[in-house]
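Undergrad: What follows is a single structure, and I will ask about it in a moment.
The values are calculated or read from the model by the stated rules, or taken from the named source; none is laboratory data. Every value quoted in this text rests on a predicted model; they were computed, and no experiment measured them. Glycine gets a Cβ as well: all are built from the backbone with ideal geometry, and neighbour counts include every protein chain shown. Areas reflect the complete protein model, heavy atoms only, side chains present, ligands, DNA and RNA absent. Shrake-Rupley method; radii C 1.70, N 1.55, O 1.52, S 1.80 Å.
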Amino acid sequence: MSEKTYQEINARIRSGKAVVVTAEEFIDIVREKGLAHAYREVDVVTTGTFAPMCSSGAFLNFGHPAPRIKMHRVWLNNVPAYTGIAAVDAYIGATELPEDDPLNSNHPGEFRYGGGHVIEDLVAGRPVRLKAVGYGTDCYPRREIETTITIHDLNEAILFNPRNAYQNYNCAVNLSNRTIYTYMGILKPNLGNAHYSTSGQLSPLLKDPHFKTIGIGTRIFLGGGIGYVAWHGTQHFPAIQTDASGKELGPAGGTLAVIGDLKQMSPRWLMGTSYLGYGATLSVGIGVPIPILNEEIARYAAATDADLYAPIVDYGEAYPNRKPGNLGYVSYAQLKSGRIVVQGKEVPTAPLSSYPRAREIAGILKEWIQKGEFFLSEPVQLLPSPADGLTGKVLKG
Amino acid sequence: MSPRKIVLRFGPEISDKPIIYRLVKDYDLVMNIVKANVNPQKEGIMVLELTGDNYEQGLKYLREQGVTVQALTHEVVRNEQRCTHCGACTAICPTGALYLDRPGMEVHFDGDSCVICQLCVKACPVRAMEVKL
Ligand code: SF4
Ligand code: SF4
């Protein structure tokens, strides 16, 4: 099988000759002209996803005041940040909540503001109230500071998300007889609705199921700017799903840890998000370019919503109690049709991940590459693939 | 007296009783139904303009029947800048006022079908649905 190289593709990007298409466009090309033709013609396929991604946050360095302070506790707009690192460094996590938040005491709690909203305010350039206390040392004598900052006042603001871009996700339903408030949204009783949360045929990791191209150092669209894959994400357990007869139902389980300079990102692609009764988080926009190095990679990148499946999982009883198994699989084509059948009942579906925004990201990334502003990076090391057989552990206790 | 708009909400146990008929016949009220919707769980929402001398007695009757009655003083609007077209509101909205346009998957908001139940206001993860007084 003939192969293309990263160097060849980047040379074509440099000379303005690279053929770059979005995953949706690539599917159309394969449908019309066949895979062999599509592989020869196309250099890069762009993907996108925009959805809440809880394992997100930012490292911030505030700079030292005079006199200096060793920040022992830090609050940004009243939301605590983690300061168990050097003196004026902190990590603001997307799901952190103000200490006086009523949480779920009046269930379902609203969680109107949290770490994700702080990150949105920062990236939007809005003023943020910083409060810090220290215990005073000979080198860092100051004990308190309260001031207003913007992202421009910070030395560094580095978005570092330990788990983003889930390859695939459950289709959540509720078999119980009460409404439940979950990270998969509001699920009505007795199979009242079904929520799913990937961009299907546009989703980055669904298009490279065996991690043939995505690895450490892969340059990506992150939060409206440029970022990189830093590592595989936490809980990265990639696998290929199969049904009882052994038919392949697309991949699931892979995740990415990503990093990038928050200062060049945009609030359109990093949005503070609240889930009723669940908590606060951050919606993150991610786009990964897939170099069409060979026909096998082309075939995976051409997977359609009809080829990719999500497991249907009951969040009323099975999921919270970690009961294994599911209620069957359903394709993204079925999910996107608006109705699926679960246990013989027709159930209306709704996404939590924005398909129009995913399409927009794939389009922006395509434009960056076409203009020669964004080059592909060859991974330093590919991420673990289904062949590595990683699986999750159960916490005993 | 100019007609006042009110929102009535009724649960499944009363949605098949002739409450509206009795309201008109027994209390002699003039009524204009602005919007009405009964969802598959048989919960009903109705927006009415109501006038007549027995207005207060009429409302008292409705409340006695287990209907929740509220004055309609506000409307729900979408902050177009903030809406991400995620779709999280579409299976929650009881009237289909928020709906997905397939296959493009953009979310549309049809204010005319909105019964101001405000379920979307808290269900929207980015708080794009807002109550306007
Ligand atoms: S849930 Fe909010 S952001 Fe999502 S489509 Fe509805 S209004 Fe828009
Ligand atoms: S308030 Fe929101 S959920 Fe209720 S009918 Fe109007 S759009 Fe639908």
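Undergrad: Determine whether the stretch A:309-328 contains at least one residue that is open to solvent by less than 10 Å² (accessible area, probe 1.4 Å), within 27 Å of A:Val21 (Cα to Cα), modelled with pLDDT of 95 or more and not in a strand (DSSP E or B).
TA: The answer is no; no qualifying residue exists.
Undergrad: With the checklist (1) charged (D, E, K, R); (2) touching a helix residue (DSSP H, G or I) at 6+ places or on another chain (Cβ under 7 Å); (3) near ligand 2 (Cβ under 9 Å from one of its atoms) in hand, flag the one item B:Arg78 doesn't pass.
TA: Among (1) charged (D, E, K, R); (2) touching a helix residue (DSSP H, G or I) at 6+ places or on another chain (Cβ under 7 Å); (3) near ligand 2 (Cβ under 9 Å from one of its atoms), the lone unmet condition for B:Arg78 is (2).
Undergrad: Would you confirm, using the coordinates I've provided, whether B:Gly44 is more than 10 Å from ligand 1 (Cβ to nearest atom) and not β-branched (Val, Ile, Thr)?
TA: yes
Undergrad: Right, something else. Can you name the number of the only condition in (1) open to solvent by 50 Å² or more (accessible area, probe 1.4 Å); (2) out of contact with any His (no Cβ under 6 Å at 6 or more places or on another chain) that A:Ala230 fails?
TA: (1)
Undergrad: Tell me, yes or no, whether the stretch A:298-315 has at least one residue that is aromatic (Phe, Trp, Tyr), out of contact with any strand residue (DSSP E or B) (no Cβ under 8 Å at 6 or more places or on another chain) and over 29 Å from A:Thr182 (Cα atoms).
TA: Yes, the conditions are met somewhere in the stretch A:298-315.
Undergrad: Pick from the stretch B:42-88 the residues that are among the aliphatic types (A, V, I, L, M) and in a loop (DSSP other than H, G, I, E, B): which of them is farthest from the other protein chains (Cβ to nearest Cβ)?
TA: B:Leu72
Undergrad: Touching a helix residue (DSSP H, G or I) at 6+ places or on another chain (Cβ under 6 Å), within 14 Å of chain B (Cβ to nearest Cβ), buried (at least 24 other Cβ atoms within 10 Å of the Cβ) and on the phi > 0 side of the Ramachandran plot: does that describe A:Gly200? Write out each step before concluding.
TA: On the way: touching a helix residue (DSSP H, G or I) at 6+ places or on another chain (Cβ under 6 Å): yes; within 14 Å of chain B (Cβ to nearest Cβ): yes; buried (at least 24 other Cβ atoms within 10 Å of the Cβ): yes; on the phi > 0 side of the Ramachandran plot: yes.
Judged against the criteria, A:Gly200 is a match.
Undergrad: Take the stretch A:261-285 and flag every residue that is more than 14 Å from every other protein chain (Cβ to nearest Cβ) and open to solvent by less than 10 Å² (accessible area, probe 1.4 Å).
TA: The one that is more than 14 Å from every other protein chain (Cβ to nearest Cβ) and open to solvent by less than 10 Å² (accessible area, probe 1.4 Å): A:Leu262.
Undergrad: Tally the residues that are over 17 Å from A:Leu276 (Cα atoms) and in a loop (DSSP other than H, G, I, E, B), restricting the search to the stretch B:89-133.
TA: 13
Undergrad: Regarding the stretch A:359-378, can at least one residue be identified that is among the small types (Gly, Ala, Ser) and assigned to a strand (DSSP E or B)?
TA: No; the residues of the stretch A:359-378 include none that is among the small types (Gly, Ala, Ser) and assigned to a strand (DSSP E or B).
Undergrad: Return yes or no: is B:Lys60 away from ligand 2 (no atom under 15 Å from the Cβ), at pLDDT below 90 and open to solvent by 70 Å² or more (accessible area, probe 1.4 Å)? Before the answer, list the steps.
TA: Numbers: away from ligand 2 (no atom under 15 Å from the Cβ): yes; at pLDDT below 90: no; open to solvent by 70 Å² or more (accessible area, probe 1.4 Å): yes.
Against the criterion (away from ligand 2 (no atom under 15 Å from the Cβ), at pLDDT below 90 and open to solvent by 70 Å² or more (accessible area, probe 1.4 Å)), B:Lys60 does not qualify.
Undergrad: Where residues in the stretch B:66-102 are away from ligand 1 (no atom under 16 Å from the Cβ) and at pLDDT below 90, which of them is nearest to A:Pro267 (Cα to Cα)?
TA: The extreme case among them is B:His74.
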